[in-house]
Amino acid sequence: MVFDGDEARADNDDMENKKELVAIFSDQPVRRVWDEKEEKWWFSVVDIVAILTESVDPTAYWRKLKERFKEEGSETVTNCHGLKMVAKDGKQRETDVADVETVLRLVQSVPSPKAEPFKLWLARVGYERMQETIDPERAVSRARKNWQALGHSKKWIEQRMLSVETRNKLTDYWADHGIEKRDEFAKLTNIIHEEWSELSVKEHKNLKGLREQNLRDHMSDAELIFTALAELSTREIAEAEKDEGYVPNEGAAHAGGIISGGARKALEAKTGKKVVNSGNHLKPRRDVKNLGE
């Protein structure tokens, strides 16, 4: 997902591979941390509670809310983690943070007239999965607008849509054949990517200077095509061999990626041009962005 404009940034010295940024909702700051290792956002729970409840002491409110969640056996508290973030006094202090899925559960649990606007705000920060589950056309429309805003051609957008369909068919196969854990999806994806490109997903993103952005949104036509070929090949092999569970599907991932990798090398040998490249469609960043506007 692409974030146009800029956000206030501060390095968190105690957290390797993490960057702290501040987003704004209705003139109120929400601290968040981008975790490069896990490639996900962590939001300050106290900041969110302060917005939803307008409490004079959101820390105390969250403390009581946690007790209630624990009594109810809710997983919300379990999924919150402590990270050091810059507090109002300018010092690094540990506070509870949650990923977007947990934040959405939290929002649903707190009666607030700001609940719906906050959900929409989260969507604009880059999370529209809730709405898109209800209405998949939203995802298609939003994606096209994002790609157009990045300056992609109509032809590239059609290729990107085809790659999405190819990807979805593969992940659907995985989901129906014993791949249940999120990290297993990520591992299989990375295996395919490494086999065809000779780079991990993270290394490819680093090459293009990307962080939270979607790698595929910054791929060239050729990179998209070889990614799709690798995933198509993986699914075809898995279906032919009736792979069930992680280990057999891991074998198919290697094989599918190798097929695409071989085609990439053959093309590079003929053209003398590298398929995997550092090109991106990043926009210039300013100092601060009010994501609530």
Among (1) assigned by TED's automatic domain parsing to the domain that holds Ala175; (2) surrounded by fewer than 17 Cβ atoms within 10 Å (Cβ to Cβ) - the single one His204 does not satisfy:
(2)
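Could you list all residues from region 176-186 that are surrounded by 15 or more Cβ atoms within 10 Å (Cβ to Cβ) and touching a residue at least 24 places away in the same chain (Cβ under 8 Å)? If you could, list the steps in order and put the result at the bottom.
Of the residues in region 176-186, the ones surrounded by 15 or more Cβ atoms within 10 Å (Cβ to Cβ) are 177, 179, 184-185.
Scanning region 176-186 gives His177, Ile179, Glu184.
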Can you tell me which condition Ser220 does not meet? The list is (1) of a type outside the set (A, V, I, L, M); (2) closer than 18 Å to Glu38 by Cα; (3) out of contact with any helix residue (DSSP H, G or I) (no Cβ under 7 Å at 6 or more places or on another chain), and all the others hold.
(2)
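Could you tell me which of the residues Leu104, Leu120, Leu83 is of a type in the set (A, V, I, L, M), outside the structural domain of Gln213 (by TED's automatic domain parsing), closer than 29 Å to Leu215 by Cβ and in contact with a strand residue (DSSP E or B) (Cβ under 7 Å, 6 or more places away or on another chain)?
Details: Leu104 fails: in contact with a strand residue (DSSP E or B) (Cβ under 7 Å, 6 or more places away or on another chain); Leu120 fails: in contact with a strand residue (DSSP E or B) (Cβ under 7 Å, 6 or more places away or on another chain).
Unique residue meeting the criteria: Leu83.
Which of the residues belonging to region 198-208 are part of a loop (DSSP other than H, G, I, E, B) and either in contact with a helix residue (DSSP H, G or I) (Cβ under 6 Å, 6 or more places away or on another chain) or within 22 Å of Ile157 (Cβ to Cβ) (or both)? If you could, list the steps in order and put the result at the bottom.
So the first thing to find is which residues in region 198-208 are part of a loop (DSSP other than H, G, I, E, B), and the list is 198-200, 208.
Ser200, Lys208, listed by residue number.
Being at pLDDT 80 or above and more than 17 Å from His81 (Cβ to Cβ) is the filter here; which residues of region 26-35 pass it?
Passing the criteria: Gln28, Pro29.
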Those residues of region 65-115 which are of a type in the set (Val, Ile, Thr) and in contact (Cβ under 8 Å) with a residue 24 or more places away in the chain amount to Thr76, Val86, Thr95, Val97, Val100, Thr102, Val103, Val107, Val110
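The values are calculated or read from the model by the stated rules, or taken from the named source; none is laboratory data. Note that the structure is a prediction, hence the values are computed from the model and not measured. All Cβ positions, even for glycine, are placed from backbone atoms using ideal geometry, and neighbour counts span all protein chains on display.
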